[in-house]
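Here the structure is laid out as structure tokens; the discussion comes afterwards.
The values are calculated or read from the model by the stated rules, or taken from the named source; none is laboratory data. A quick note: this is a predicted structure, and the numbers were derived from the prediction, not measured. Backbone-built Cβ (ideal geometry, glycine too); neighbour counts: all protein chains shown. Side chains included, ligands, DNA and RNA excluded: accessible areas come from the protein's heavy atoms. Shrake-Rupley method; radii C 1.70, N 1.55, O 1.52, S 1.80 Å.
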Amino acid sequence: MAEIFVLAEHRQGALRDITFEMLTKAREIAEKTNANLTAVLLGKNVKEHAKTLAEYAKNVLLIEDSRLENFNSDVYHKVLSHLIRQRKPVLTIIGHTSYGVELAPRLAAALNIPLATDCIDFDFEGERFTVTRQIYGGKVNAKVVLRKSESYMVTLRQAAFQAKKPPMPLNGQIEEIQPPLIEEVTAKRFLEYVPPPPGGVDITAASVLVGIGRGVKDQSNIPIVEELAKSLGGVLACSRPVVDKGWLPNDRQVGTSGKIVKPKLYIALGISGAFQHVLGMKNSDLIIAVNKDPKAPIFSFSDYGIVEDLFKIVPALKNKINELKAQKVT
Amino acid sequence: MDIIVCVKHVPETAEAELKIDATGKGIEKTGLVFDINEWDDYALEEAVRIKEKFGGTVTAITVGPEDSDNTLRKCLARGADKAIRVTDSKFAGSDAYATAKILYSVIRNMHFDLILTGAQAGDDGSAVVGPVLAEFLGVPHATMVKKIVLDGDKAIVNRELEGGFEERLEVKLPALFTVQTGINEPRYVSIMGIRKAMQKEIKVMRLADIGLSENDVGETGSWLVIEKLYLPPVEKQTEFLKGSPDEIAAKVIEILKSRGLI
Ligand SMILES: Cc1cc2nc3c(=O)[nH]c(=O)nc-3n(C[C@H](O)[C@H](O)[C@H](O)COP(=O)(O)OP(=O)(O)OC[C@H]3O[C@@H](n4cnc5c(N)ncnc54)[C@H](O)[C@@H]3O)c2cc1C
């Protein structure tokens, strides 16, 4: 029977959401193609995770070794290439996360297995394996066919699928395997985790966020938007380029490599809506986006959209708020 | 330190309206502004900084059509010493995997201590070229690197993880790193620099010069073939607020009021 591998991802003692998202999608494909769904778990002292995964998969391959304590793509590569050569899964699913990005391309090249990265969907269509990817910063979707092969690999974008528990726990078989690690891996060594520096402003605690993107154009425009944020009783947050340029400190960044926020109100100003940003803010209660470009992806995640220059909207909004405040005083 | 930087000439699409072309497999390129891929810009800057500190050379390489010379000139103006463009009509349809093969076939004959690439390209967003190239060359790699400290025959790098976390790794040289934005602040190029760069030679190589066959490149040499492009379906039905800025602002205020937000 054909087998589908899902590489479980965990960090510092916790399974990551992407693991369950991958398992959910993999279950759908496994049912359709009548394949066996296998979660692959590498680590040290991770038996508890194996039990959790067994609720989601028919098999759990558990490999424990002190060299697998922290993620090192070289060590993962050695173990996984061995496993994939041995069991020849028709499909291996890895998260498009910092770990997947580090591991999958090299693994696929070494095994000569066609790989599609950052997929938002994928499927077997008879003889073909196809995937959907987003290109040009989320403005265009591409349906892509992978070169015909006995085995395929994908990395799945985070939050592309909602994780769902199987209707009944699958009670998967946990199979413990000896690590096929003969020699030490020395070219690359994990040293330590570096937590984010303790920040001044906690944007995750704010109920109103005004998020600014590259559309604010220049650091000298920050006070204009900051005033708006203040008048709404909120704080400024931002997309990544604003931090990269040093206009705001990195504790203000919303997104996968920043903070996940869920304020009552998120106003996105001059933000295109790249998925890494959207993932950080799409669960806000109310989202209002201002962008000059009517096709900006951010609009497909907002409740209200305004196609206009932010420098026209921001002053108009501030005026109205000031009027309102003046009325209240009198 | 001999450093190779792999760069890509890509269209700027954040503010542009994209149209799918007649083949249904590409976008219409006319009217789009092309520039160095954002991530590569940081990679190049990092390479030049390392060279300024430790000496050595920086070579910029691109796989792309003739227009890519503009990106290579920018690299030269910023401090790269040499530039190579690998161009062939047979490359059309090459994905990231085929591109990595092409780069490999050029780089395997060169000396390097370090290869830097962008963490991904802004057009196809693959994040594949760097690590696959490292696999072909048999050198260690690290992706999404936000800090590089060189220490003899090794480098200590910070890799970006999710949620503002990073991890520190020790990697033996020669190595390949893919660079994440924000690692540095890319310098502006002076007019003088650009003028000087116009005079520098860009070495052009073709399929016949790199020892690959036609089947290694283009669609046949690729993992992925685009079947069709289409505009993404809308996830959430956005209500567009229309009118003058004043009218729009008034509508926003009403919405905020009705939700008890002001
Ligand atoms: C591994 C990785 C992690 C990442 N993590 C994050 C993350 O955590 N957070 C994040 O945000 N990004 C992240 N990114 C980057 C992300 O892919 C995008 O590059 C980024 O979100 C784009 O930011 P932006 O929307 O501000 O800029 P752009 O994409 O350049 O968009 C600017 C927008 O402003 C609009 N605009 C311009 N001028 C005006 C005006 N006057 N009025 C109105 N609109 C205007 C334009 O139409 C455009 O839509 C990550 C990328 C990678 C590879």
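Rounded to the nearest 0.05, what FRET efficiency do A:GLU323 and A:LYS143 give with R0 = 41 Å and r taken as the Cβ-Cβ distance? Could you check? Calculated transfer efficiency: 0.25. Of the accessible area of region B:174-257, computed with a 1.4 Å probe over protein heavy atoms only, carbon and sulfur atoms account for 54 percent.
Helices assigned as whole DSSP H runs in chain A whose Cα atoms extend at least 30 Å along their own long axis and whose mean Kyte-Doolittle hydropathy is 1.6 or higher are not found.
Of all lysines in the structure, the ones whose alpha carbon falls short of 17 Å from that of A:LYS58, not counting any fewer than 8 places away in one chain, are A:LYS25, A:LYS32, A:LYS47, A:LYS88, A:LYS164, A:LYS165. For the protein assembly as shown, a simple Cβ point-charge model (Lys and Arg +1, Asp and Glu -1, everything else neutral) yields a dipole of about 700 debye relative to the Cα centre. A P(r) calculated from all alpha carbon pairs of chain B, with 10 Å bins opening at zero, reads 6, 26, 30, 20, 10, 6, 1 percent. Cross-link partners for B:LYS29 among the aspartates and glutamates, with Cα-Cα distance under 15 Å and sequence neighbours closer than 8 places in the same chain left out: B:GLU12, B:GLU15, B:GLU17, B:ASP21, B:GLU66, B:ASP67, B:ASP123, B:ASP124. Between the alpha-carbon centres of region B:33-104 and region A:155-228 there is a gap of 29 Å.
Within chain B, the whole DSSP H helices whose Cα atoms reach 18 Å or more along their own axis and whose mean Kyte-Doolittle score is at least -1.0 are B:38-54, B:245-258. Ranking B:ALA16, B:LEU44, B:MET1 by Cα position along the charge dipole of region B:1-54, where only Lys, Arg, Asp and Glu carry charges on their C-beta atoms, puts B:MET1 farthest toward the positive end. For region B:111-129, heavy-atom accessible area (probe 1.4 Å) falls by no less than 50 Å² from the chain alone to the full protein assembly at B:ASP123. Comparing the full protein assembly with the isolated chain, the residues of region A:94-114 losing at least 50 square angstrom of accessible surface (1.4 Å probe) are A:SER98, A:VAL101, A:GLU102, A:PRO105, A:ARG106, A:ALA109.
When only alpha carbons are used to place a centre, region A:263-282 and region A:1-68 end up 31 Å from one another. For A:ARG11, the residues whose amide H sits under 5 Å from its own are A:ARG16, ignoring neighbours fewer than 5 places away on the same chain, with H placed 1.01 Å from N. Counting only protein chain heavy atoms and rolling a 1.4 Å probe, the accessible areas of A:VAL307, A:VAL185, A:VAL210 rank, largest first, as A:VAL307, A:VAL185, A:VAL210. Only one residue of A:VAL79, A:ASN319, A:MET1 has its Cα farthest out toward the positive end of the dipole of the protein assembly as shown, where Lys and Arg carry +1 and Asp and Glu -1 on Cβ, and that residue is A:ASN319. For region A:151-202, the square roots a ≥ b ≥ c of the C-alpha gyration tensor eigenvalues yield an a/c of 1.5 or more together with a/b not exceeding b/c, which makes the shape oblate.
Taking the Cα centre of chain B as the origin, how large is its charge dipole in debye, to the nearest 20, when only Lys and Arg (+1) and Asp and Glu (-1) carry charge on their Cβ atoms?
Roughly 560 debye for chain B.
Peptide A:277-287: average number of partner chain Cβ atoms within 10 Å per residue?
Partner Cβ neighbours, averaged per residue: 1.
Charge tally around A:GLU150: other residues with Cβ under 15 Å, Lys/Arg +1 each, Asp/Glu -1 each, net +4.
In the context of the full set of protein chains, region A:50-97 has a per residue accessible area of 33 Å² (1.4 Å probe).
With all protein chains kept in place, the per residue accessible area of region A:150-195 amounts to 65 square angstrom at a probe of 1.4 angstrom.
Loop-only check: which GluC sites (Glu not before Pro) in region B:164-203 are DSSP coil with at most 12 other Cβ within 10 angstrom?
Listed in order of number, the matching sites are B:GLU201.
Interface area, chains B and A: about 7700 Å² of buried accessible surface, summed, with a 1.4 Å probe and ligands, DNA and RNA left out. Note that region B:1-58 presents 47 Å² accessible area per residue, ligands and nucleic acids not counted, probe 1.4 Å.
Quick check on chain A: take the gyration tensor over C-alpha atoms, sort the square-rooted eigenvalues as a ≥ b ≥ c, and tell me if it's rounded (a/c under 1.5), prolate or oblate. Here chain A falls in the prolate category.
Pairwise Cα distances in the protein assembly as shown exceed 43 Å for 21 percent of all pairs. The local environment of B:VAL128, defined by Cβ-Cβ distances under 11 Å, has a net charge of -3 under the rule Lys, Arg +1 and Asp, Glu -1. Summing +1 for each Lys or Arg and -1 for each Asp or Glu, what net charge is found among the other residues whose Cβ lies under 10 Å from the Cβ of B:ASP209? So the surrounding residues net to +1. A loss of 40 Å² or more of accessible area (1.4 Å probe, protein heavy atoms, ligands and nucleic acids excluded) relative to the isolated chain is seen in these residues of region A:145-189: A:VAL145, A:ARG147, A:ALA187, A:LYS188, A:ARG189. Identify which of A:ARG252, A:ARG189, A:ARG240 has the largest mean-square fluctuation in a Gaussian network model of chain A, with springs joining Cα atoms closer than 10 Å. Result for chain A, Cα springs under 10 Å: A:ARG189 fluctuates most.
Using a probe of 1.4 Å on the protein chains alone, the accessible area found for A:ILE120 is around 40 Å². Which residue, chosen from A:LEU269, A:LEU236, A:ASN291, occupies the Cα position most advanced towards the positive end of the dipole of region A:224-330, where the dipole is computed from +1 (Lys, Arg) and -1 (Asp, Glu) charges on Cβ about the Cα centre? After comparing all options, I get A:LEU236.
Using only helices, what value at 222 nm comes out for chain A when you add -39,500 (n - 2.57) per DSSP H run of length 4 or more and divide by the total residues, to the nearest 500 deg cm²/dmol?
Calculated from helices alone, the mean residue ellipticity at 222 nm is -9000 deg cm²/dmol.
Going by a ≥ b ≥ c, the root eigenvalues of the Cα gyration tensor, does region A:214-306 fall in the rounded group (a/c under 1.5), the prolate group (a/b larger than b/c) or the oblate group? Here region A:214-306 falls in the rounded category. When the solvent-accessible area of chain A is split by element, carbon and sulfur atoms take up 50 percent of it, the probe being 1.4 Å.
Ranking B:ILE156, A:ILE203 from most to least accessible surface, computed with a 1.4 Å probe over the protein chains only, gives B:ILE156, A:ILE203.
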